[in-house]
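First comes the structure, then the notes that go with it.
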Amino acid sequence: MSQETKVLIVTYYWPPAGGPGVQRWLKFAKYLKEFGITPVVVCPKNANYPLLDTALNQEIQEEIQVLSVPIFEPARMMNQLIPEKSKSISRGMVNTQNPSFLERILMSVRGHLFIPDPRIFWVKPTVKYLINYLAQHPEIKLVITTGPPHSVHLIGHKLKQSRAVKWMADFRDPWTEIYYHKALNLMGWAQRRHLSLEQKVLESADRILTTSQPTAASFQWRTPRPVSVITNGFDASDFEGLSNAESGSNDKFRITHVGTLMEPRNPLVLWQALANLIANKKALKGLESFAQDLEIELTGGIASGVLDSIKNQGLSKQLVQWPNCSHDQAIKAMARGQLLLLSERNEADAHHIIPAKLFEYLALSIPILALGPPKGAIEPILKESQAGVYFVQGDLEGVEEYLYQAYQAYKKSAPHTKQHVSNLPYERRNLTKSLAAIIKEMTI
């Protein structure tokens with residue numbers, strides 16, 4: 001039997017944190033043991049998470065050792081002073097188009113006082129703690145950091161300088177190329193500081209990990225270090241036991257979106273297309289009951305501008321809105337859909353984004369309607385899996401025709417059960433196998 005490998009995983013997001021940020025390494029940790037790797041997880045103690053999902057605590061296996069290091073977070077004070085704005089920014093709901101004066105002030109403070117992010121105060125105590133821990137556990141030869149928050153990568157950088165360990169930096173999202181970085185309104189010196197820290201990580205880490213090929217390509221020209229891609233995915237076990245009522249509900253022509261829907265991702269063309277179909281119900285065959293059958297179900301944080309757009313198109317009666325919920329409830333909400341919506345910004349720097357929810361959409365085998373920029377990273381995945389269609393934001397004619405055809409198919413079909421496809425390369429166990437191979441290569 002081969003010798004077991006022990007690795008240190010440093011992450012800010014860990015249960016009871018909710019949202020997509022926690023899923024990637026929670027699932028990796030869950031399956032690494034199957035491939036001869038023992039994870040030791042380091043996370044903050046009493047973190048100020050913008051979303052909570054206590055049910056995820058049940059997914060932490062007993063054999064996983066979790067080390068907690070206290071954290072000081074300025075966001076706690078901001079939450080007390082201006083709770084709604086502070087929490088919205090923490091969740092990534094940043095109004096980059098028409099920010100209010102208060103939003104501009106908050107983003108400027110965040111960008112200039114807390115570089116690279118407000119979790120920077122966790123770096124020093126965690127480095128101190130882990131230097132002592134690694135000295136007592138010389139069998140650990142690899143440290144993995146995952147961001148955002150990208151300040152976590154600075155922990156990896158310090159540990160590599162202080163201890164004889166290798167270091168993998170996992171970028172779930174880009175750093176300076178993420179869309180909301182522009183909203184920080186950085187002065188020249190602050191932008192240079194961000195770029196310098198990012199470059200330091202790219203050049204110092206022994207391996208860079210990203211979630212999409214475009215992000216990997218943008219890093220490869222900036223560092224001689226190897227860059228690998230392991231996408232996000234879905235855990236087949238999360239979809240076991242969905243009842244027929246929860247999987248394939250046919251009571252409504254339901255267009256479903258689960259997760260945060262920010263104003264820059266507002267699918268204006270979709271709302272317009274739906275309004276056009278309702279208005280043309282007499283001119284187009286088979287639309288007589290379209291307005292009654294249609295339901296727009298949005299679960300999660302929804303920007304006010306998105307809700308205003310729906311209202312302005314006369315679709316308020318079709319809207320069903322639910323607040324943030326547990327991961328388990330989110331999957332049930334996805335499973336109720338007839339169409340699953342993905343919407344990305346129609347901007348050049350958005351082409352490398354692959355929303356984590358895409359892979360759970362794939363697991364349900366429900367048609368996906370995706371909107372985004374030209375040559376978006378979502379498009380080839382949809383084509384490869386034949387799981388849906390991809391339109392460039394603004395293609396009103398294409399979206400309207402697709403919705404019309406989808407509704408006609410809905411009217412002709414009987415209720416149907418959708419099942420996940422367990423052999424997809426995006427299944428968490430398969431993705432963990434790829435990660436384990438890289439870890440073994442780095443720790444030989």
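Beta carbons closer than 9 Å, at least 6 apart along the sequence or on distinct chains, pair a first residue in region 293-315 that is farther than 29 Å from LYS412 by Cα and assigned by TED's automatic domain parsing to the domain that holds GLU263 with a second that is at pLDDT below 95 and hydroxyl-bearing (Ser, Thr, Tyr) for GLY300/THR260; GLY301/SER88; GLY301/THR260; ILE302/THR260; ALA303/SER88; ALA303/THR260. Being of a type outside the set (Val, Ile, Thr) and part of a helix (DSSP H, G or I) is the filter here; which residues of region 287-307 pass it? The answer is PHE290, ALA291, GLN292, ASP293, SER304, GLY305, LEU307. Regarding region 201-224, can at least one residue be identified that is small (Gly, Ala, Ser) and modelled with pLDDT under 90? Looking through region 201-224, none of the residues is small (Gly, Ala, Ser) and modelled with pLDDT under 90. Among the residues making up region 426-438, those that are closer than 16 Å to THR210 by Cβ and in a helix (DSSP H, G or I) are LEU431, SER434, LEU435, ILE438. Among the residues of region 247-305, write down those that are out of contact with any Gly (no Cβ under 9 Å at 6 or more places or on another chain), of a type in the set (Ser, Thr, Tyr) and at pLDDT 95 or above. Within region 247-305, none qualify. So is GLY337 under 28 Å from ALA216 (Cβ atoms) and touching a His at 6+ places or on another chain (Cβ under 9 Å) or not? When the stated conditions are applied, GLY337 does not pass them. Among all residue pairs at least 6 apart or on different chains, which show Cβ distances below 7 Å where the first residue, located in region 220-236, is without any contact (Cβ under 8 Å) to a residue 40 or more places away in the chain and the second is of a type in the set (S, T, N, Q)? Cβ pairs passing all conditions: ARG222/GLN199; VAL227/THR210; VAL227/GLN220; VAL229/THR210; VAL229/SER212; VAL229/GLN213.
When SER365 is tested against the conditions (1) among the hydroxyl-bearing types (Ser, Thr, Tyr); (2) modelled with pLDDT under 90; (3) closer than 21 Å to ILE278 by Cα, the lone failure is (3). Taking each residue of region 355-374 that is without any contact (Cβ under 8 Å) to a residue 60 or more places away in the chain and looking for partners that are in a loop (DSSP other than H, G, I, E, B) and of a type in the set (A, V, I, L, M, F, W, C) with beta-carbon atoms closer than 6 Å, six or more apart or interchain, yields ILE368/ALA387. Against the list (1) over 20 Å from the mean Cα position of the chain (by Cα); (2) touching a residue at least 60 places away in the same chain (Cβ under 8 Å); (3) over 20 Å from LYS160 (Cβ atoms), the condition ARG265 fails is (1).
If the condition is being surrounded by 22 or more Cβ atoms within 10 Å (Cβ to Cβ) and acidic (Asp, Glu), then region 128-172 contributes only ASP170. Can you say whether PHE171 is touching a Phe, Trp or Tyr at 6+ places or on another chain (Cβ under 8 Å) and under 28 Å from LEU106 (Cβ atoms), as far as the supplied structure shows? Taking the combined requirement at face value, the residue satisfies it.
Do we find that ALA330 is modelled with pLDDT of 90 or more, assigned to a helix (DSSP H, G or I) and touching a Gly at 6+ places or on another chain (Cβ under 8 Å) in this structure? Reasoning before the result, please.
Details: modelled with pLDDT of 90 or more: yes; assigned to a helix (DSSP H, G or I): yes; touching a Gly at 6+ places or on another chain (Cβ under 8 Å): yes.
Spelling it out, ALA330 is indeed modelled with pLDDT of 90 or more, assigned to a helix (DSSP H, G or I) and touching a Gly at 6+ places or on another chain (Cβ under 8 Å).
Screening SER204, SER228, SER218, SER212 for residues that are touching a His at 6+ places or on another chain (Cβ under 8 Å), within 20 Å of VAL7 (Cβ to Cβ) and polar (S, T, N, Q) leaves exactly one candidate, SER204.
For region 103-156, the set of residues classified as out of contact with any helix residue (DSSP H, G or I) (no Cβ under 6 Å at 6 or more places or on another chain) and hydroxyl-bearing (Ser, Thr, Tyr) consists of SER108, TYR129, TYR133, listed by residue number.
Quick grid of which residues meet (1) within 20 Å of GLU297 (Cα to Cα); (2) touching a helix residue (DSSP H, G or I) at 6+ places or on another chain (Cβ under 6 Å); (3) at pLDDT 90 or above:
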| site | (1), (2), (3) |
| --- | --- |
| SER343 | yes, yes, yes |
| ASP349 | no, no, no |
| ALA370 | yes, yes, yes |
| LEU396 | no, yes, yes |
| LEU403 | yes, yes, yes |
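The values are calculated or read from the model by the stated rules, or taken from the named source; none is laboratory data. The structure displayed is predicted, hence computed values, not measured ones. Heads up, the Cβs are rebuilt from the backbone with ideal geometry, glycines too, and the neighbour counts pull from every protein chain shown.
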